[in-house]
Amino acid sequence: DTEVTQTPKHLVMGMTNKKSLKCEQHMGHRAMYWYKQKAKKPPELMFVYSYEKLSINESVPSRFSPECPNSSLLNLHLHALQPEDSALYLCASSQGWIPADIQYFGAGTRLSVL
Amino acid sequence: KQEVTQIPAALSVPEGENLVLNCSFTDSAIYNLQWFRQDPGKGLTSLLLIQSSQREQTSGRLNASLDKSSGRSTLYIAASQPGDSATYLCAVWRGYSGGGADGLTFGKGTHLIIQP
């Protein structure tokens with residue numbers, strides 16, 4: 001099973017809402033990632049968790065708050081977002097946080113901020 | 001800062017043709033290079049991963065080459081099929097200048113259409 005499951009698939013929220021994106025994998029991977037992909041642009045790395053510890057935060061605004069409650073689950077908590085935050089949010093996982101390990105991606109959550 | 005460029009941005013060819021997608025990167029100090037496929041509105045599927053010490057990788061009708069010193073990679077697709085229609089993304093694993101792991105930097109992709 002090489003599946004990374006992201007929920008919800010679609011999310012519409014207002015600028016004052018609080019919502020969360022969820023990502024789950026059961027491959028025993030110890031590295032998990034959040035990427036943001038705007039329309040017709042490449043994915044951009046936001047956060048990296050390695051062994052449930054935040055290892056990289058690519059200068060992401062504090063209105064995005066990641067959480068890794070256990071080795072299988074990764075959340076992205078959203079609060080007070082702006083319309084320009086509308087994008088496809090992709091979660092990925094890999095065996096370890098090393099270049100040799102292939103990253104497996106979920107199908108993404110398409111977020112629209114009104 | 002690492003930059004990844006893919007040429008062409010879009011490509012439309014008849015079914016059955018062999019084709020080449022190009023990827024270039026500005027900093028040759030990479031750990032590896034990956035080719036991904038992305039279908040519309042979907043996530044990414046890894047196609048091939050080439051370590052920096054390797055020259056090429058093959059999987060079925062796909063062959064990827066890497067020339068690290070010149071900062072170039074190509075993805076060769078043989079006998080193209082309509083099901084190959086997708087966006088193909090190239091990504092390199094960048095590293096911190098002080099060593100250690102970091103993450104992937106992606107190109108903008110080549111949008112490929114295979115005409116039946």
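Things worth noting here:
The rows are residues; the columns are (1) at pLDDT 95 or above; (2) charged (D, E, K, R); (3) at negative phi; (4) out of contact with any strand residue (DSSP E or B) (no Cβ under 9 Å at 6 or more places or on another chain).
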residue: A:3; (1), (2), (3), (4): no, yes, yes, no
residue: A:7; (1), (2), (3), (4): yes, no, yes, no
residue: A:21; (1), (2), (3), (4): yes, no, yes, no
residue: A:25; (1), (2), (3), (4): yes, no, yes, no
residue: A:43; (1), (2), (3), (4): no, no, yes, no
residue: A:46; (1), (2), (3), (4): no, no, yes, no
residue: A:53; (1), (2), (3), (4): no, yes, yes, no
residue: A:60; (1), (2), (3), (4): no, no, yes, no
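- Any hit, segment B:56-68, residues being surrounded by 16 or more Cβ atoms within 10 Å (Cβ to Cβ), more than 11 Å from chain A (Cβ to nearest Cβ) and among the charged types (D, E, K, R): yes
Here is a yes/no grid of residues against (1) open to solvent by less than 60 Å² (accessible area, probe 1.4 Å); (2) under 22 Å from residue B:102 (Cβ atoms):
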position: A:7; (1), (2): no, no
position: A:13; (1), (2): yes, no
position: A:35; (1), (2): yes, yes
position: A:49; (1), (2): yes, yes
position: A:71; (1), (2): yes, yes
position: A:94; (1), (2): yes, yes
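- Of all residues in segment B:25-55 being open to solvent by 60 Å² or more (accessible area, probe 1.4 Å) and closer than 28 Å to residue A:23 by Cβ, the one that is farthest from the other protein chains (Cβ to nearest Cβ): B:40
- All of (1) surrounded by fewer than 19 Cβ atoms within 10 Å (Cβ to Cβ); (2) at the interface with chain B (Cβ under 8 Å from one of its Cβ atoms) hold for residue A:67 with one exception: (2).
- Across segment A:77-107, the qualifying residues are those that are more than 18 Å from residue B:52 (Cβ to Cβ) and aliphatic (A, V, I, L, M), and the one among them that is farthest from the other protein chains (Cβ to nearest Cβ) is A:80.
- The strands (runs of 3 or more DSSP E) found wholly in segment B:27-116 and carrying at least 2 residues that are within 26 Å of residue A:48 (Cα to Cα), of a type in the set (Ser, Thr, Tyr) and out of contact with any Ser or Thr (no Cβ under 8 Å at 6 or more places or on another chain) occupy B:44-51.
- Check on residue A:20, among the polar types (S, T, N, Q) and open to solvent by 20 Å² or more (accessible area, probe 1.4 Å): yes
- Residue match in segment A:5-17 (condition: among the charged types (D, E, K, R) and part of a strand (DSSP E or B)): no
- Any chance residue B:19 is away from every other protein chain (no Cβ under 11 Å), open to solvent by less than 50 Å² (accessible area, probe 1.4 Å) and either out of contact with any Gly (no Cβ under 9 Å at 6 or more places or on another chain) or among the β-branched types (Val, Ile, Thr) (or both): yes
- Contacts under 7 angstrom Cβ, first residue in segment A:58-69 being assigned to a loop (DSSP other than H, G, I, E, B), partner not aliphatic (A, V, I, L, M), 6 or more apart: A:60/A:47; A:63/A:79
The values are calculated or read from the model by the stated rules, or taken from the named source; none is laboratory data. Worth saying up front: this structure is predicted, and the values here are computed from it rather than measured. In this analysis, Cβ positions are derived from the backbone assuming ideal geometry, glycine residues included, and neighbour counts consider all displayed protein chains. In case anyone asks, the SASA skips ligands and DNA or RNA and just uses the protein heavy atoms, side chains included. Shrake-Rupley method; radii C 1.70, N 1.55, O 1.52, S 1.80 Å.
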